[in-house]
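The values are calculated or read from the model by the stated rules, or taken from the named source; none is laboratory data. The model shown is predicted, which means the values in this text are computed figures rather than measured ones. Methodologically, a virtual Cβ is constructed for each residue, glycine included, from the backbone with ideal geometry; neighbour enumeration extends over all protein chains shown.
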Amino acid sequence: MPKVKPTEPITKKQLSRREQERRQQRILGIVFGLTAAAVLFVLGFGWYQEYVAKPSAPVATVNGKAISTRDYQAMVKYNDYELRSTIARAQSQLDSLDATNEDQTFLVSYMQQQIQQLRTKRSSVGLDTYDQMVDDELIRQEAYDRNPPTPTPTPITATVDSSVTPQPTRAPMTQTEFETNYGSYVAALRKNLAFSEQTFRRLFESSLYHTKLQEALALEVSASEEQVHARHILVATEDEANKVLERLHAGEDFAALAKELSTDTGSKEEGGDLGWFPRGMMVTEFENAAFALQPGQTSEPVKTSFGYHIINVIERDANRPLDEATLDQKKSRALDNWLTTQRNSGTVIGYWSSAKVPNLSQ
């Protein structure tokens, strides 16, 4: 039986070397762990910034309510998708026309203009969508505060005359057809844009709020207000306006000078007469000058984007009934005027920049 060789004792020098190796391994392990943790932190922070922080960051706040970048980008993609679809349909119609056919020349030109306008609109879809979403949120909050009534079914008390049998007519779309088309459209949005049905329904909800607030504001438009009855002479330069003023001061007739010199084709044949008008119907510079005059007074030259005006006020009334056309116009402008006031009131804080606009299909 062979003899077992005795184990040699470990020297202090060997123990010291092994301890150093263990310490080095521990240090390397710690360094590797810290490096891995740093890499994971950077990757995790980048992922968080890209997929959580940025999408959640607001593009605007409206009375403290945030509009998230995520919702904004989804709406931009939807609006762009609608524009691209409209352009494709218009292009298909244009391609079906014969540009060499004189009878279709006007239609070809019209379709080309429409397509160009749509393409121009696509170039500003990011900012247009931002404005749209701010307006929608302003309207939503105001409609909620006002709690406009929701239409409810009116009970039907009338009875059907059994002696009259109307001929049946085909419905434009059956319930089944509607549900099929609606489902297909929403599925296409979900596939192409990751656009949820809830977001799609919110679009229609915004449209309903828009209509209800428009109706509510229209009811608040006064049927009578301060008005002036004025006439004017419009010329291109200040020098021409001063010469008109000199002739008026010399005693020449205002109406005759308007017919002779005014470049406003809509009023010159009427002696420059603009009829009665309230505030908000003319450009600001013209309006301010006209409402500052008393009956019989004539203004100094007033500069607007149209040129230089000499304005003469014939009459004024502190509470004159609006004519039907003017009243309808003021009602239709009521919502736009309200939105302008709200946007300028400090309730909207914007964080929009072109960097927030998502990449769009070409």
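Annotations for the structure displayed:
- Condition check for Glu240: out of contact with any helix residue (DSSP H, G or I) (no Cβ under 6 Å at 6 or more places or on another chain) and either surrounded by 17 or more Cβ atoms within 10 Å (Cβ to Cβ) or closer than 20 Å to Ser305 by Cα (or both): yes
- If only residues of region 276-329 that are assigned to a strand (DSSP E or B) and of a type in the set (Phe, Trp, Tyr) are counted, the one that is farthest from Ala255 (Cα to Cα) is Phe277.
- Contact annotation: residue pairs with Cβ atoms under 9 Å, 6 or more positions apart or on different chains, pairing a residue in region 327-351 that is at pLDDT 90 or above with a partner that is basic (Lys, Arg), are Asn337/Lys330.
- Near pairs, Cβ below 8 angstrom, 6+ apart or cross-chain, from region 227-256 (in contact (Cβ under 8 Å) with a residue 40 or more places away in the chain and part of a loop (DSSP other than H, G, I, E, B)) to any residue that is surrounded by fewer than 16 Cβ atoms within 10 Å (Cβ to Cβ) and of a type in the set (Val, Ile, Thr): Ala236/Thr263
- Scanning region 216-226 for residues that are part of a helix (DSSP H, G or I) and either closer than 23 Å to Leu293 by Cβ or in contact (Cβ under 8 Å) with a residue 24 or more places away in the chain (or both) returns Ala216, Leu217, Ala218, Glu220.
- Region 195-244: number of residues that are in contact with a Pro (Cβ under 7 Å, 6 or more places away or on another chain) and either among the charged types (D, E, K, R) or within 22 Å of Glu315 (Cα to Cα) (or both): 7
- Leu274 being more than 23 Å from Gln329 (Cβ to Cβ), modelled with pLDDT of 95 or more and among the hydrophobic types (A, V, I, L, M, F, W, C): no
- Condition check for Arg122: over 29 Å from Ala57 (Cβ atoms) and part of a helix (DSSP H, G or I): no
- Looking across region 309-330 at every residue that is under 33 Å from the mean Cα position of the chain (by Cα) and either within 17 Å of Phe286 (Cβ to Cβ) or aromatic (Phe, Trp, Tyr) (or both), the one that is surrounded by the most Cβ atoms within 10 Å (Cβ to Cβ) is identified as Thr326.
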